[in-house]
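Read through the structure below, which is laid out as structure tokens, and then see the notes.
The values are calculated or read from the model by the stated rules, or taken from the named source; none is laboratory data. Quick caveat: nothing in here was measured; it's all calculated off a predicted structure. For neighbour counting, all protein chains shown are included, and Cβ atoms are generated from backbone atoms with ideal geometry for every residue, glycine included. Calculation scope for accessible area: heavy atoms of the full protein, side chains included, ligands and nucleic acids excluded. Shrake-Rupley method; radii C 1.70, N 1.55, O 1.52, S 1.80 Å.
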Amino acid sequence: MTGLSSSADLVWARGYTDPAWARRHTTSGRELLPSRRVWRGAGSPSPLTAAPTGALDDLTFTGPHGRSLTLRELLAVAETDALLVMHRGALVHEEYLHGYEPHVPHFNASAAKSYLGLLAATLAHDGQLARDARVTKYVPELAGTAFGEAAVDDLLHMGTRMSYAGRPYDKALEAQRYFAVLAPQLRPYGYTGPATIREHLATARATGEPGTEFRYENGNVEALAEVLRRVTGTTTSALLSEMIWSRIGAEEDAYYLLDADGSEAAAGGFSATARDLARLGEMIRCDGATGGRQIVPEAVAGTIVSGVPDGYPRRVRFPAAPPDAPATLSYHDLWWIPNDPYGSFMASGIHGQRLFVCPALDLVIVHYASQIVSPAVPPAPLVQAFLTIGTHLHG
């Protein structure tokens, strides 16, 4: 396949620009594809101590075009479905909009990449995974592909350069083709391309040396997920359940969408409730511990921002944030790093999915949305808003 038909383009254009359409598909992915649960475990949910404050309603935020926004107006601009704010371990703000409910899992989109990064970093810390090993050591079938000839650490930092099936690389179109691989409903008429993630990865050929340039591409994450399956001998869903989800006191099962082979869509097919994602963020903020026990190593949770030495070729990931952002962005172990003064980091997904963790401000924020993605619609300034909330609460 060399391009998408006009009908497929219209499907994706509608998803990007129609918030009602996007909301249906960000909150109900299981209506499109089979799924596999991430078991919450047999234990009781860990309590979320509520300490609501109305003070956030009095804050103002700088929105698109310099316009001053109240919190209500900001949430409207962002097409917010849920906003949870935790400060110093207490739930100070919890809000659901557009009919979304606390017990319903919400699509995380590319924020899912960061959770896989957490698993990989933990396995590497424990000596089960070698960051500098070539991917073919774990997945021989990827020999000759852009991902197979890269190091595991290249996948963790979006450090590969590739093209698929001999066509020129285009980030937006490849993102669409990725979902066409997963969902037959999104394939154009006459589609003859890959029908599984593994088939898709097999078409990737290197167009440059790995580890020299940042290129945000789903294939890195899917190849990494396959590496973790080979290392542990289990599915991505079971691995996340065993290592994290069943240990943080989650209230609900999460789930991954599956391809035709039954492999999880690790790059963007994960859904969970906002409350459980807040538990995950709080665990990381507390150096990997919750309820008095260590969930991920402190050396992993505490070095998401500081773990890559200055000058490392993969340190600078993204050319620049928006001009009014607090700093340029970096990328480490599949987490976005705003490089603000507070040591923040975040998992980020299209349409406004965010898990924002700020250790210096004792802050965790979960934001779910169905935000419009269009050149004609400026994005909501979520990171700046999160920092405004955090500095206000911190005093």
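Brief remarks on what is shown
- Residue-span extension gain [THR303 to ARG88] - 0.36 nm each, minus C-alpha spacing: 75.4 nm
- Solvent-accessible surface (1.4 angstrom probe) belonging to LYS171, in square angstrom, nearest 10: 120
- Percent carbon-and-sulfur accessible area, the chain, ignoring ligands, DNA and RNA, probe 1.4 Å: 54
- The local environment of GLY268, defined by Cβ-Cβ distances under 10 Å, has a net charge of 0 under the rule Lys, Arg +1 and Asp, Glu -1.
- Highest-first arrangement of 160-167, 63-70, 239-246, where packing means the average Cβ count within 10 Å: 239-246, 160-167, 63-70
- Placing pseudo-labels 7 Å out from each Cα toward the beta carbon at LEU173 and GLU95 gives an inter-label distance of 4.1 nm.
- The chain, accessible area per residue, ligands and nucleic acids excluded (1.4 Å, Å²): 39
- FRET efficiency, 1/(1 + (r/R0)^6) with R0 51 Å, evaluated for SER44 and GLN128 via beta carbons: 0.95
- Helices in the chain, meaning DSSP H runs of at least 4 residues, each add -39500 (n - 2.57). Divided by all residues, the mean residue ellipticity at 222 nm is -8500 deg cm²/dmol.
- Out of every Cα-Cα pair that region 134-248 contains, those further apart than 18 angstrom amount to 52 percent.
- Kirkwood-Stokes translational diffusion coefficient of the chain, alpha-carbon pairs, 25 °C, 0.890 mPa s, µm²/s: 116
- Were the residues from SER374 through THR60 laid out at 0.36 nm apart, the gain over their Cα-Cα distance would be 110.6 nm.
- Residue-by-residue Karplus 3J(HN,Hα) for region 359-374, coefficients 6.51, -1.76, 1.60, Hz, glycine and proline x: x, 5, 9, 6, 10, 9, 10, 10, 10, 10, 7, 10, 5, 5, 10, 7
- Measuring with a 1.4 angstrom probe and ignoring ligands and nucleic acids, PHE214 comes out at about 40 Å² accessible.
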